[in-house]
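S.K.: Have a look at the structure that comes next, please.
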Amino acid sequence: MRDEEIIALYFARSERAIAAAQEQYGSYCRAIARNILGSEDDAEECVNDTLLRAWNAIPPQRPARLGAFLGTIARNVALNRLERDRAEKRGRGQGELALSELEECLPAPRGVEEALEERAAVRAVEAFLRAQPPSRRRMFIRRYWYASPIREIARDWGYSESKTASLLRRMREALKKYLEQEGITL
């Protein structure tokens with residue numbers, strides 16, 4: 001079923017929309033959540049939460065790309081769960097590891113009044129990534145957006161794990177330097 005048809009089912013408030021979204025994008029959302037949380041059971045719960053949030057958001061929202069919309073929701077649900085689990089001293093998935101790798105080059109949020117600085121940081125990261133070769137940009141996004149394990153990224157790019165880890169480390173270092181040049185406080 002095409003995205004437009006699934007979205008039409010959401011707008012018609014047909015429960016078939018949930019089943020169609022699950023069939024089309026369930027494994028994609030599960031993979032995102034599993035990479036972040038490191039647990040198949042938790043990932044399955046995140047997919048269910050994702051579909052519920054999509055049900056509550058569509059309408060009024062009409063996503064241009066349903067897969068990206070659901071993937072973003074799944075990522076946010078998984079990150080929220082990771083934060084909750086971390087507070088409870090549980091959960092040690094790839095998400096926590098990937099986020100800890102980025103901590104040294106991204107500024108930490110300090111409060112609502114810092115929203116403009118956060119937006120500037122987001123724009124700077126986007127500009128940095130646009131300047132990267134497409135293959136490296138995709139690798140960076142796989143690791144730090146989708147929280148894919150280095151082992152999987154290395155396999156998909158045909159590199160060793162150490163080369164992949166080294167490339168990602170150099171990109172983080174370059175990102176940190178770029179952000180400092182842009183005046184983003186670390």
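The values are calculated or read from the model by the stated rules, or taken from the named source; none is laboratory data. Everything quoted here is computed from the prediction, not taken from an experiment. Quick reminder, even Gly has a Cβ in these numbers, built from the backbone with ideal geometry, and neighbours come from all protein chains shown. All accessible areas refer to the heavy atoms of the entire protein, side chains included, with ligands and DNA or RNA removed. Shrake-Rupley method; radii C 1.70, N 1.55, O 1.52, S 1.80 Å.
S.K.: For a quick check of your reading of the model, give me the residue pairs whose first member lies in segment 156-171 and is hydroxyl-bearing (Ser, Thr, Tyr), whose second is open to solvent by 30 Å² or more (accessible area, probe 1.4 Å), with beta-carbon atoms closer than 7 Å and at least 6 apart or on different chains.
M.R.: Short answer, once both residue conditions are applied: Thr164/Ile150; Thr164/Trp157.
S.K.: Applying the selection to segment 158-169, what residues are in a helix (DSSP H, G or I) and either open to solvent by less than 30 Å² (accessible area, probe 1.4 Å) or of a type in the set (Gly, Ala, Ser) (or both)?
M.R.: Within segment 158-169, Ser162, Thr164, Ala165, Ser166, Leu167, Leu168 qualify.
S.K.: Condition first: open to solvent by 30 Å² or more (accessible area, probe 1.4 Å), within 13 Å of the chain's Cα centre (by Cα) and of a type in the set (Gly, Ala, Ser). Now tell me which residues in segment 45-71 satisfy that.
M.R.: Ala68
S.K.: Conditions first: (1) part of a helix (DSSP H, G or I); (2) touching a residue at least 24 places away in the same chain (Cβ under 8 Å). Pro63 passes all but one, so which condition is the exception?
M.R.: (1)
S.K.: Do we have Asp42 as in a helix (DSSP H, G or I), open to solvent by 20 Å² or more (accessible area, probe 1.4 Å) and closer than 18 Å to Pro149 by Cβ here?
M.R.: yes
S.K.: Something else now. Mind telling me which of the residues Arg143, Arg155, Arg136, Arg172 ends up being open to solvent by 80 Å² or more (accessible area, probe 1.4 Å) and either in a helix (DSSP H, G or I) or within 24 Å of Gly38 (Cα to Cα) (or both)?
M.R.: When all the criteria are applied, what remains is Arg155.
S.K.: Please work out which residue is farthest from Ile18 (Cα to Cα), limiting yourself to segment 72-98 and to residues that are surrounded by 20 or more Cβ atoms within 10 Å (Cβ to Cβ) and modelled with pLDDT of 85 or more.
M.R.: Arg81
S.K.: Kindly list, by first and then second residue, each pair from a residue in segment 138-152 that is free of Cβ contacts under 8 Å to residues at least 60 places away in the same chain to a residue that is in a loop (DSSP other than H, G, I, E, B) and open to solvent by less than 10 Å² (accessible area, probe 1.4 Å), limited to pairs with Cβ atoms under 6 Å and residues at least 6 apart or on different chains.
M.R.: Within 6 Å, the pairs are Arg142/Ser148.
S.K.: Could you list all residues from segment 144-179 that are closer than 28 Å to Arg30 by Cβ and among the charged types (D, E, K, R)?
M.R.: Once the filter is applied, which keeps residues that are closer than 28 Å to Arg30 by Cβ and among the charged types (D, E, K, R), segment 144-179 yields Arg151, Glu152, Arg155, Asp156, Glu161, Arg172.
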